[in-house]
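Visitor: Pasting a structure below so you can have a look.
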Amino acid sequence: MEDTDIKRVEAHLKRTFGNPHLAVKARPKQKDSAEVELKGEFIGVIYQDEDEDGSFMFEMAILAEDLE
């Protein structure tokens, strides 16, 4: 993802979730996605939407151990 896209998506996530501790960071080997962190902890991945230019998909796994 381009730096401008990362900044736009990060700002959107911060507004949407009302949390200034969210961060979107580039992935060194994958150019079509970025990592999402909350207070430095990895929580998911943002992918560029292949079907709609300028749109993105947020994928977050919730593990059973996290629900305890």
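Visitor: How do the pairs read when you match residues in the stretch 46-61 that are more than 11 Å from residue 1 (Cβ to Cβ) with residues anywhere that are among the aliphatic types (A, V, I, L, M) and surrounded by 10 or more Cβ atoms within 10 Å (Cβ to Cβ), using Cβ under 6 Å and keeping only pairs 6 or more apart or on different chains?
Guide: Hits for this filter: 49/57; 58/46; 59/45; 60/43.
Visitor: Considering the stretch 22-35 alone, what residues qualify as being out of contact with any helix residue (DSSP H, G or I) (no Cβ under 7 Å at 6 or more places or on another chain), under 20 Å from residue 7 (Cβ atoms) and either of a type in the set (Lys, Arg) or surrounded by 15 or more Cβ atoms within 10 Å (Cβ to Cβ) (or both)?
Guide: Residues of the stretch 22-35 out of contact with any helix residue (DSSP H, G or I) (no Cβ under 7 Å at 6 or more places or on another chain): 25, 27-33, 35.
If we keep only those that are under 20 Å from residue 7 (Cβ atoms) too, we end up with 25, 27-28, 30-33, 35.
Listed by number, the residues that qualify are 25, 27, 31, 33, 35.
Visitor: Just a yes or no: is a residue in the stretch 31-49 assigned to a helix (DSSP H, G or I) and either under 12 Å from the mean Cα position of the chain (by Cα) or within 24 Å of residue 66 (Cβ to Cβ) (or both)?
Guide: No, the stretch 31-49 contains no residue that is assigned to a helix (DSSP H, G or I) and either under 12 Å from the mean Cα position of the chain (by Cα) or within 24 Å of residue 66 (Cβ to Cβ) (or both).
Visitor: Is it true that some residue in the stretch 45-54 is loosely packed, with under 14 Cβ neighbours inside 10 Å and aromatic (Phe, Trp, Tyr)?
Guide: no
Visitor: Would you check which residues across the stretch 1-27 are of a type outside the set (A, V, I, L, M, F, W, C), outside any helix (DSSP H, G or I) and closer than 27 Å to residue 66 by Cα and list them?
Guide: Step one: filter the stretch 1-27 for residues of a type outside the set (A, V, I, L, M, F, W, C), giving 2-5, 7-8, 10, 12, 14-16, 18-21, 25, 27.
This time we only want the ones that are outside any helix (DSSP H, G or I), so: 2, 18-21, 25, 27.
If the condition is that a residue be of a type outside the set (A, V, I, L, M, F, W, C), outside any helix (DSSP H, G or I) and closer than 27 Å to residue 66 by Cα, then 18, 19, 20, 21, 25, 27 are the ones that fit.
Visitor: So, in the stretch 34-54, how many residues would count as being small (Gly, Ala, Ser) and at pLDDT 95 or above?
Guide: Qualifying residue count for the region: 2.
The values are calculated or read from the model by the stated rules, or taken from the named source; none is laboratory data. Everything numeric here is computed off the predicted structure, so don't read it as measured data. All Cβ positions, glycine included, derive from the backbone under ideal geometry; neighbour counts span all protein chains shown.
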